[in-house]
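The structure under discussion appears below in the form of structure tokens.
The values are calculated or read from the model by the stated rules, or taken from the named source; none is laboratory data. From a predicted model like this one, the values you see are computed outputs, not experimental measurements. Cβ sites come from the backbone with ideal geometry, for glycine too, and all protein chains shown count toward neighbours.
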Amino acid sequence: MSRTSVSPGVQRDRRHGRHREMVMRRDKGLCHLCGDPHADAIDHIVPVSWGGSDDPANLAPAHSSLRCR
């Protein structure tokens, strides 16, 4: 399991990669920010820096571009 530094002193597991397909299927690939289809990334609903986890309940499809933000 790889670990990534999010901010100084904060470490998190990059486990959400293994949940990607399940989250995309669960939400039918719809971006949780704008509702458009064809989301191509996974986003944390509650950011890790605010105490959010990599649990699938805290992950949602999103667009990797800034077109809907």
Residues of the stretch 40-66 satisfying the condition of being hydrophobic (A, V, I, L, M, F, W, C) and at pLDDT below 90: Leu66
Listed by first then second residue, the pairs whose first member lies in the stretch 27-54 and is on the phi < 0 side of the Ramachandran plot, whose partner is assigned to a loop (DSSP other than H, G, I, E, B) and among the acidic types (Asp, Glu), with beta carbons under 8 Å and at least 6 positions apart or on separate chains, are Leu30/Asp36; Ala39/Asp27; His44/Asp54; Val48/Asp54
